[in-house]
Amino acid sequence: MKKHLLIALMAIVLLPNIADAQRWKRFRRQMIGGIGVTNFLGDLGGGPGIGRDFIWDLDPPATRPSLMVGYRYQFNSYFFGRANLQWGILKADDDYTTENFRSSRNLTFRTGYFELDLMAEFYLMQNSRGNLYRLRGVRGRKGLKVDVYVYGGLGFMYFNPKGEYQGTWHKLQPLGTEGQGLEGEPDKYKRTTFTIPYGIGLGKSIDRYWGVNLELTFRQTFSDYIDDVSGNYYGRQNIYNAKINEGSSAAEAVKIAYLSDRSIGLAGNTEQEDKVPTSAILENPNYSRNDLVGQQRGDPTDNDAYMTLMVTVSRKIVKRRRSRPKF
């Protein structure tokens with residue numbers, strides 16, 4: 001009698017937990033939507049002092065918006081697969097930094113981008129998923145805490161950097177601001193690149209269908225030209241002459257020369273070049289700056305990166321059970 005009673009008690013205790021552990025199989029699929037912000041980590045802009053890697057060169061004024069939609073699939077209790085499509089804006093401006101060299105370089109850019117990611121998620125802690133069914137008379141786990149997970153994968157990104165000239169933003173890649181595409185110079189860079197996204201997330205189940213997450217993602221790219229800056233100065237006069245020889249108009253050649261080098265001199269020269277007539281960058285030796293030819297414009301040893309902070313909402317797609325015959 002005692003043996004049967006013990007078995008019955010064990011069944012009462014264990015069966016709900018077994019059922020709860022298997023319930024995730026009915027909720028394998030999720031749709032995700034998110035909104036957040038981006039911050040660019042590249043050659044332009046940055047914090048005070050010399051340029052530094054990773055988040056130590058974070059530039060808060062360059063923060064811009066981002067949107068995301070995605071699909072998540074659960075393989076087991078701790079492992080998920082995920083696909084995301086993300087849109088956002090990246091921006092950087094040397095005017096945001098107080099570091100001498102970068103501030104006097106006076107370059108700026110912005111770009112919209114699209115990125116497709118395939119990632120894996122691994123849950124380190126699952127504290128928010130308890131008995132969320134709220135069955136009458138059943139007292140389950142409250143699920144007051146949050147889930148903690150890490151993720152990483154591979155992405156593919158499209159970008160198209162633009163620079164400002166006379167109040168209008170112009171695509172920079174076709175212009176070859178570092179001499180790309182000219183005779184004896186490298187080809188123009190591609191506006192696509194692979195990325196490696198990875199990060200950490202916090203999640204909270206609201207009910208059996210809905211959840212909300214906060215995700216901090218770092219994205220390392222395989223391009224150093226997201227901001228159109230990587231190598232050395234080609235020289236305003238040199239670019240102007242080359243473009244004239246190719247058949248460009250004088251106005252077009254001046255524009256390209258200006259966008260290739262907007263430098264305003266070293267510390268102590270507070271004159272803002274964007275207030276100077278465009279012809280002055282070629283006619284006045286103080287602005288032609290041929291002393292910069294061949295000098296460092298960017299850092300080709302460190303590819304560009306960017307970060308996103310995203311709030312996402314997920315909706316589970318329920319796998320319907322087959323209806324049973326009514327007889």
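The values are calculated or read from the model by the stated rules, or taken from the named source; none is laboratory data. Computed from a predicted structure; not experimentally measured. Here the Cβ positions follow ideal geometry from the backbone for every residue, glycine too, while neighbour counts run over all protein chains shown.
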Original post:
Quick one: would you say Ile264 is at pLDDT below 95 and in a helix (DSSP H, G or I)?
Top reply: no
Subject >> Any pair with Cβ under 7 angstrom, 6 or more apart, that starts in segment 171-185 at a residue that is under 15 Å from Asn232 (Cα atoms) and modelled with pLDDT of 90 or more and ends at one that is among the acidic types (Asp, Glu) and part of a loop (DSSP other than H, G, I, E, B) >> reply: Thr177/Asp228; Gly179/Glu185; Gln180/Asp187; Gly181/Asp187
Subject >> Scope segment 280-309; condition modelled with pLDDT of 85 or more, under 19 Å from Gly179 (Cβ atoms) and of a type in the set (D, E, K, R); matching residues >> reply: Arg297, Asp299
**OP:** Could you tell me which residue of segment 79-124 is nearest to Val150 (Cα to Cα), considering only residues that are surrounded by fewer than 15 Cβ atoms within 10 Å (Cβ to Cβ) and polar (S, T, N, Q)?
**Re:** Thr98
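Of everything in segment 221-248, what is among the hydrophobic types (A, V, I, L, M, F, W, C), outside any helix (DSSP H, G or I) and touching a helix residue (DSSP H, G or I) at 6+ places or on another chain (Cβ under 7 Å)? Give them in sequence order.
Going through segment 221-248, the residues among the hydrophobic types (A, V, I, L, M, F, W, C) turn out to be 222, 226, 229, 239, 242, 244.
Among the residues that remain, those that are also outside any helix (DSSP H, G or I) are: 222, 226, 229.
Correct list: empty.
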Original post:
Of everything in segment 294-314 that's hydrophobic (A, V, I, L, M, F, W, C) and surrounded by fewer than 16 Cβ atoms within 10 Å (Cβ to Cβ), which residue is farthest from the chain's Cα centre (by Cα)?
Top reply: Val313
Original post:
Gln220 versus (1) buried (at least 17 other Cβ atoms within 10 Å of the Cβ); (2) in contact with a Pro (Cβ under 9 Å, 6 or more places away or on another chain); (3) closer than 30 Å to Met310 by Cβ: which is the lone unmet condition?
Top reply: (1)
Original post:
Which number in (1) closer than 17 Å to Leu214 by Cα; (2) at pLDDT 90 or above; (3) surrounded by fewer than 20 Cβ atoms within 10 Å (Cβ to Cβ) marks the one condition that Asn127 misses?
Top reply: (2)
**OP:** Hey, can you tell me all the residues within segment 249-261 that are surrounded by fewer than 16 Cβ atoms within 10 Å (Cβ to Cβ) and in a loop (DSSP other than H, G, I, E, B)?
**Re:** Ser249
